[in-house]
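The values are calculated or read from the model by the stated rules, or taken from the named source; none is laboratory data. Keep in mind that this is a model prediction, so the values were computed, not measured. All Cβ positions, glycine included, derive from the backbone under ideal geometry; neighbour counts span all protein chains shown. Quick note on the areas: whole protein, heavy atoms, side chains included, nothing else; ligands and nucleic acids left out. Shrake-Rupley method; radii C 1.70, N 1.55, O 1.52, S 1.80 Å.
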Amino acid sequence: MTAVRRYPVLAALCIAALFMVVPFLIVAVNAVKSPAEYAQSGPLSMPDGLYLDGLKDFWERVDYGQKLLNSLLISGAVAIFAAALSVLNAYAIGIGRVKGRTWVLAFFVLANMLPQEALVYPIYYLSKEVGLYDTRLSVIIVFTVIQAAFGTYLLSSVLGQFPREIIEAARIDGASKWQVLWRIVVPVSRPTLGVLLVFFFIWTWNEFLLPLVMLISNDNQTVSVALGVLQGQRLMDATMTNAAALLGVLPAIVFFLVFQRTLTRGIAVGAVK
């Protein structure tokens with residue numbers, strides 16, 4: 001790319017980064033302000049000191065430790081199960097070359113495009129019928145299926161380009177289908193699977209509507225549901241709202257930073273392919 005084209009692109013990226021970073025900085029600054037300081041100076045002023053009572057009050061009021069554990073459990077389980085299900089589906093569609101694979105993939109794409117509002121009542125009714133309503137398992141099952149639909153579509157296109165010579169050589173050496181999957185396909189696809197795991201975790205962490213409907217008990221609610229419920233009850237002032245937002249987004253940012261190298265490596269491998 002020439003310098004004439006490079007600088008406008010760089011400027012556009014910097015502006016886009018500002019749009020994403022500035023709101024987070026405003027939330028972080030206001031989370032450590034006292035209510036009086038916020039009322040006197042507004043949301044854009046710098047704090048005179050660290051006022052941590054808003055963070056402490058929110059933590060105790062919603063039992064944040066339990067909400068954090070629920071979100072970690074649900075998001076982690078969905079990421080693992082959805083990635084595993086995606087691999088199995090994609091192995092059959094991409095390498096197994098099942099009949100009608102194009103229509104099967106179109107079905108997965110269509111299922112992934114359905115708005116969650118259209119799924120609320122069917123999922124609510126089915127979970128009531130099978131006795132899973134207001135359990136974390138119900139949310140794990142629902143989002144495992146939803147995320148696996150996207151993962152199957154993505155992995156099928158990747159495995160569809162998998163070198164057939166490697167698979168044929170393994171089969172000539174006596175490898176079964178399961179051995180080909182776990183000893184050849186999965187290790188080679190590890191960068192793409194890493195990207196899917198990170199995306200599935202963060203997407204599930206940020207989900208709000210279905211967990212709000214499915215998890216009505218205080219002990220089962222996630223962080224995002226706790227934020228929405230308390231704001232609806234008008235029990236928080238502006239600084240506590242910012243403190244809650246900061247506590248809600250921090251775990252997802254930490255998870256992203258920890259697995260940033262995995263994400264970058266996976267995207268780079270996909271670009272090379």
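Pairs of alpha-carbon atoms within less than 8 angstrom and 6+ residues apart define the contacts here; what relative contact order does region 1-137 have, in percent? Don't skip to the answer; put the middle values down first.
Numbers: 37 pairs, mean separation 19.6, N = 137.
Here the relative contact order equals 14 percent.
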**OP:** Report the accessible area of Glu37, computed with a 1.4 Å probe over the heavy atoms of all protein chains in place, in Å² rounded to the nearest 10.
**Re:** 30
Original post:
Considering only protein heavy atoms and a 1.4 Å probe, what is the carbon-and-sulfur percentage of the accessible area of the chain?
Top reply: 68
Subject >> Nearest-20 debye value, region 122-210 charge dipole, Cβ charges on Lys, Arg, Asp, Glu >> reply: 160
Subject >> Mean shadow area of region 1-77 over all directions, Cα convex hull, nm² >> reply: 8.9
**OP:** Pull out the extension gain between Met113 and Glu168, defined as 0.36 nm times the separation in residues minus the alpha carbon to alpha carbon distance; nm, one decimal.
**Re:** 16.2 nm
**OP:** Could you compute the FRET efficiency for Tyr121 and Ala39, with r as their C-beta to C-beta distance and R0 at 41 Å, rounded to 0.05?
**Re:** 0.45
Subject >> Solvent-accessible surface (1.4 angstrom probe) belonging to Phe256, in square angstrom, nearest 10 >> reply: 80
Subject >> Directionally averaged projected area (convex hull, Cα atoms, region 78-172), nm² >> reply: 7.4
**OP:** Over all alpha-carbon pairs of the chain, lay out the pair-distance distribution in 10 Å bins, whole %, shortest bin first.
**Re:** 6, 22, 27, 24, 15, 5, 1, 0
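What order do Leu73, Leu126 take when sorted by accessible area (1.4 Å probe), most exposed first?
Working: Leu73 85, Leu126 110 Å².
Sorted descending by solvent-accessible area, the residues read Leu126, Leu73.
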Original post:
Residues of the chain: accessible area per residue at 1.4 Å, in Å²?
Top reply: 58
**OP:** Report the accessible area of Leu44, computed with a 1.4 Å probe over the heavy atoms of all protein chains in place, in Å² rounded to the nearest 10.
**Re:** 140
**OP:** Using Cα pairs closer than 8 Å and at least 6 residues apart in sequence, work out the relative contact order for the chain, in percent.
**Re:** 31
Original post:
Mind checking which of Ser34, Ser157, Ser176 has the largest fluctuation in a GNM of the chain, springs on alpha carbons under 10 Å?
Top reply: Ser176
Original post:
Which whole-Hz ³J(HN,Hα) couplings does region 190-198 yield from phi under the Karplus relation 6.51 cos²θ - 1.76 cosθ + 1.60, θ = phi - 60°, glycine and proline marked x?
Top reply: 4, x, 5, 5, x, 4, 4, 4, 5
Subject >> Heavy-atom SASA rank of Asp219, Asp173, Asp57 (probe 1.4 Å, accessible area, largest first) >> reply: Asp173, Asp219, Asp57
Original post:
Of Ser127, Ser189, Ser217, which has the largest mean-square fluctuation in a 10 Å C-alpha GNM of the chain?
Top reply: Ser217
**OP:** Determine, for the chain, the count of lysine pairs separated by eight or more sequence positions (or lying on different chains) whose alpha-carbon distance falls under 26 Å.
**Re:** 7
